[in-house]
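The values are calculated or read from the model by the stated rules, or taken from the named source; none is laboratory data. Predicted, not measured: the structure shown is a model, and the values here were computed from it. Reconstructed Cβ throughout: ideal geometry from the backbone, glycine too, with neighbour counts over all protein chains shown.
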Amino acid sequence: MEAEDLSSVPGYEGHIEYLGDKESDCTLRITDLRLRDSAGYRFRLITSGDTFAGSPVSLTVTDVVLEMDPTSVSEGENVTLRCRTKCTLDPITVYSWYKNGQSVPNSNTSSPVYILFSVSSEDTGRYSCSVGHEDLPSAEETLTVTYGPKSTSVSVSPSGEIVEGSSVTLTCSSDANPPVDKYTWYKKNVTSPKASGQSYSITNIISEDRGEYYCEARNIKGTETSIPVHINVMSVFPWVPVMGVGAVLTAGALLLTIYCTLKRRSTGGSDATADTQSVHHDPNSDTYTGLNMRTMSPE
């Protein structure tokens, strides 16, 4: 088989570097080795009078492979990572493990097996390994951790007191994998659900809507309920109750005044009548008869 000139082989551009001096040194550097670079290599020397070829040198490129079992788990399960290579290894070999391109703390081992115990959502990510050479990691494998809703909470817009007749929107948020597929809204001390969906809007709100609301988030892994939030509805005329109390007090005072006035007049009239009905006897007077003008009748 005719040898190929590497400078003319597609894919080697920028991949090889000639370090020789074209006299006695024929050193060639191949960077970023790939599996397909496994082959026999030799040099060829062309002079003005003849052509010489060196003996072939065999290059075998092996790969470091990370095996993950399983690749998708539920929280609390274990995951086994295994680093494999066909290279001939030293008696003492160090295996290094990486997550999302960063070294996993305290993970360098002499064993090709690394176990993630009782995984949580924080263990989700891309994993790789290396054997002896930390700058030559394996291809990445992705670990997916599934879990039920957590950190479920409700936000209110607008916040604070809500004026009667206006609108308010409640939004439910939750962390879950797979994502939440159902949100349900409840009002505290009310058995039946108020609504479904990630957002719940109350339009033309009235005082009866005042109370505590919470949401329930659900996926195939479980459910979680948020902490209730309080919705306070303020009357359009907050001074009306005060005005009503004032009106009652004013009316009471007025009635009391009228009663006292009438009673005073009634008492004064009786005294006047008594004065007109009696005339006291005066022994020094020539008149001895008292007249009652109301009861006197013609003789």
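Between 159, 173, 130, which is assigned to a strand (DSSP E or B), within 18 Å of residue 227 (Cβ to Cβ) and of a type in the set (Gly, Ala, Ser)? On inspection, the qualifying residue turns out to be 173. Give me the residue from the stretch 121-141 that is exposed (fewer than 12 other Cβ atoms within 10 Å of the Cβ) and of a type outside the set (A, V, I, L, M) and, out of that set, farthest from the chain's Cα centre (by Cα). Only one residue tops the list, namely 133. Considering every residue within the stretch 228-247, establish whether at least one is under 30 Å from residue 74 (Cβ atoms), of a type outside the set (Phe, Trp, Tyr) and at pLDDT 95 or above. Among the residues of the stretch 228-247, at least one is under 30 Å from residue 74 (Cβ atoms), of a type outside the set (Phe, Trp, Tyr) and at pLDDT 95 or above, which makes the answer yes.
Checking every residue in the stretch 98-112 against the condition of being surrounded by fewer than 16 Cβ atoms within 10 Å (Cβ to Cβ) and among the hydrophobic types (A, V, I, L, M, F, W, C) gives zero matches.
The number of residues in the stretch 26-38 that are surrounded by 11 or more Cβ atoms within 10 Å (Cβ to Cβ) and within 16 Å of residue 87 (Cα to Cα) comes to 4. Taken over the stretch 142-176, the criterion of being at pLDDT 95 or above, crowded, with 17+ Cβ neighbours inside 10 Å and not small (Gly, Ala, Ser) is satisfied by 143, 145, 146, 147, 149, 152, 154, 168, 170, 172. With the structure loaded, tell me whether residue 95 is modelled with pLDDT under 95, under 13 Å from residue 131 (Cβ atoms) and in the same structural domain as residue 132 (by TED's automatic domain parsing) or whether it fails that test. Judged against the criteria, residue 95 is a match.
If you go through the stretch 187-203 and pick out every residue that is over 15 Å from residue 156 (Cβ atoms), at pLDDT 95 or above and among the hydroxyl-bearing types (Ser, Thr, Tyr), you end up with 1.
I'd like to check something: does the stretch 41-64 contain any residue that is closer than 15 Å to residue 130 by Cβ, in contact (Cβ under 8 Å) with a residue 40 or more places away in the chain and surrounded by 14 or more Cβ atoms within 10 Å (Cβ to Cβ)? The answer is yes, given that some residue of the stretch 41-64 is closer than 15 Å to residue 130 by Cβ, in contact (Cβ under 8 Å) with a residue 40 or more places away in the chain and surrounded by 14 or more Cβ atoms within 10 Å (Cβ to Cβ).
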